[in-house]
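To keep things clear, I will list the structure first and then write my remarks on it.
Just so it is clear, none of the values below were taken in a lab; they were calculated from the coordinates. Predicted model only: the values in this text are computed from it and were never measured. Cβ sites come from the backbone with ideal geometry, for glycine too, and all protein chains shown count toward neighbours.
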Amino acid sequence: MKKGLKLVSAIYRLKSWMISLVESSVSTNHTLMATGIILFSFGVNLYHVTTMSISYDEAWTYLNFTKKGFFTSLSHYPAPNNHILHSLLTNISLGFPFSQTINLRLPNLLFSTFAAVTFYLSFTKLLQKKTALFLLAVFCFSFPVLHYSHLSRGYILVLFAFIICFYSTIRLSSTPNFKPQNHTKYFVSLSLGAIIGFFTMPSFLYPYFTCVILISAIFLIKKNRKGLSYLVISCLLTSIAVLILYTPIFIVSGIDAVINNRFVEPISRVQVFGRLLEHFNLASTFLFSVPLSVFVFALFFMCFATRKTKIVILPLCFFLIVPFILLLHGIIPFPRTWIYLIIPFLYLIGLTIESFQLDRKLNIKSIGFFSVIVILILIFNFNKKWNRKQGFSFKTVEVADYLVSQKAKSIYINHPLIETNLLFIFEEKDIDIPITYSRRNIDNAELEIIKSCCDFVITAHKPNRKSNYEYIKRWRNDIYLSKVK
């Protein structure tokens, strides 16, 4: 009974703390400018939501989870593509009176705004308001944030969850004297952030593991046994909550679907070590739009420039621990897995700005001017990278329009990706063109099947002109459309 009352008291203090966090961040000029940045980012994201072509991962999410209902999203885990909490949110938004694509993307539009607000409120407590304002502009318009603020995937939820965990970690680590009445709220917020992150995707283990290791190390150095005991309780409660949320998946799909999924099979430590440099270069290009060498130089420059070793070590450790995580786990994940590293990187930028006292030398108008310049540069960078990264999506729409204009009656596809996109596009536009899909090479036997059922063929390789289908048009090096003779 007493433990229950303590938990209720902790949640109440968390509520009071969040209210005070908002109130302490309110300053008319800063608030107006922050609101303007967030509203503008919302407008840009809304534009992307309504105009960007559907991507393969989005179409796959819709066909396998969103369309099939709440229970499927909650219990079916055939691949890491099921970002569970995100899939559940799309089950809800699918009933909205908008197009299929817009409904699928509404949760991202909403949580990108939540993430921006949470980022600003948190960073105004960690840094000066002017610094937080500038970093808000960088955060909202960085490529990964713009990318996943409209793309219907779970990474914006991961960012939102990690901002909460990161802030809690900094607070717990930076206060020398542990007092339960002051620190319990940070343990509660750490657990809440972790639960949101884990329920979105299991790979949230990486940032959460880092947070726990860093807090534990600092508590051990300070010989803070009380703090360690609270951390253990927090981790235990988090684990119990996550296990309960994953129970439907464990029952329906099996535990191996999560911990031993065939799409994330471990490789040898030697292979991991040999691929680290290439992997980190890809991650640096995706997250920060610069090669690894430039990123590392910037990282260490900021660390030395701040001249505050104790403050810098914590955010720096989020980067230094990554190679050890990969060697320990024995896998090479997608570069986007490290999207949470944007937050400690921006925190280091903020510390660097304040070490040179740039925030004091510049007034609010100057900060606004530089923020506008940075926003324009970042939007230009996004458009450039997006056109290169998602060209496949635009081309698929062209293929669909071409097939409709040619009055295609049926299509044979052995392209590994385009079938999913076309299924989504045809359903959204209420187009009835049957699709026969096969991943086998087109030999004489397959050709007879094509001739009997389909009048168009889409392949990943240029067709043989001697066969009984004629090459018509190439959209990309890996998309060929042919007409059956």
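Cα centroids of region 218-239 and region 280-301: 33 Å apart. Listing Asp57, Asp432, Asp256 from fewest to most neighbouring C-beta atoms within 10 Å gives Asp432, Asp256, Asp57.
Between Lys462 and Ile435, the FRET efficiency estimated from the beta carbon spacing at R0 = 30 angstrom works out to 0.90. Using only alpha-carbon positions in region 391-484, the gyration tensor eigenvalues give semi-axes of 20, 14, 12 Å once each is multiplied by 5 and square-rooted (largest first).
For the chain, what does the relative contact order come out to in percent, with C-alpha contacts under 8 Å and a separation of six or more? It would help to have the intermediate numbers written out before the result.
Working: 600 pairs, mean separation 79.2, N = 485.
Rounded, it is 16 percent for the chain.
For region 155-308, the Cβ-based charge dipole about the Cα centre amounts to some 820 debye (Lys, Arg positive; Asp, Glu negative; other atoms uncharged).
Put in line by how crowded their Cβ is, counting other Cβ atoms within 10 Å and starting with the fewest, Phe250, Phe380 read Phe380, Phe250. Angle of helix 129-141 to the longest C-alpha principal axis of the chain, folded into 0 to 90 degrees and rounded to 10: 10°. When only Cα pairs below 8 angstrom with a gap of at least 6 residues are kept, region 391-484 shows a relative contact order of 29 percent.
Under the classification rounded if a/c is under 1.5, otherwise prolate if a/b is larger than b/c and oblate if not, where does region 306-435 fall, given a ≥ b ≥ c as square roots of the Cα gyration tensor eigenvalues? Here region 306-435 falls in the oblate category. You can think of it this way: the chain between Lys384 and Val232 has 50.1 nm of extra reach, that is 0.36 nm per residue less the Cα-Cα gap. Remark: for residue pairs Lys67/Lys451; Lys68/Lys395; Lys407/Lys429; Lys409/Lys451; Lys130/Lys179; Lys409/Lys462, the C-alpha separation exceeds 20 Å in Lys67/Lys451; Lys68/Lys395; Lys130/Lys179; Lys409/Lys462.
Taking the Cα atoms of region 365-445, the ratio Rg/Rh between the radius of gyration and the Kirkwood radius comes to 1.26. Here, region 114-247 has an Rg and a Dmax of 15.4, 45 Å when only alpha carbons are counted.
Please report how far the C-alpha centroid of region 63-116 lies from that of region 324-353, rounded to the nearest whole angstrom. Computed from Cα coordinates, the inter-centre distance equals 26 Å. Compared with the rule-of-thumb size 2.2 N^0.38 Å for a compact globular protein, the chain has a Cα radius of gyration ratio of 1.08.
Just to verify a number: FRET efficiency for Phe71 and Asn260, C-beta to C-beta distance, R0 = 30 Å, to 0.05? Once rounded, the FRET efficiency stands at 0.80. Ranked for footprinting exposure by Cβ neighbours inside 10 Å, fewest first, Leu32, Leu146 give Leu32, Leu146.
Per residue, the average separation of C-alpha pairs within less than 8 Å and at least 6 apart gives region 95-234 a relative contact order of 23 percent.
Does region 184-304 come out rounded, prolate or oblate by the C-alpha gyration tensor, with a ≥ b ≥ c the root eigenvalues, rounded set by a/c under 1.5 and, if not, prolate when a/b is larger than b/c and oblate if not? Note, shape of region 184-304 comes out oblate. In the chain, helical runs assigned H by DSSP with n ≥ 4 each contribute -39500 (n - 2.57); averaged across all residues and rounded to the nearest 500, the mean residue ellipticity at 222 nm is -23000 deg cm²/dmol. Inter-label distance, Ser239 to Gln271: 3.0 nm, where each label sits 7 Å from its Cα along the C-beta direction. Inter-part distance, region 425-460 to region 134-212, computed on C-alpha centroids, equals 45 Å.
What FRET efficiency, computed as 1/(1 + (r/R0)^6) with R0 = 51 Å and r the Cβ-Cβ distance, is obtained for Leu63 and Phe369, rounded to the nearest 0.05? Don't skip to the answer; put the middle values down first.
On the way: r = 46 Å, r/R0 = 0.90.
So the FRET efficiency works out to roughly 0.65.
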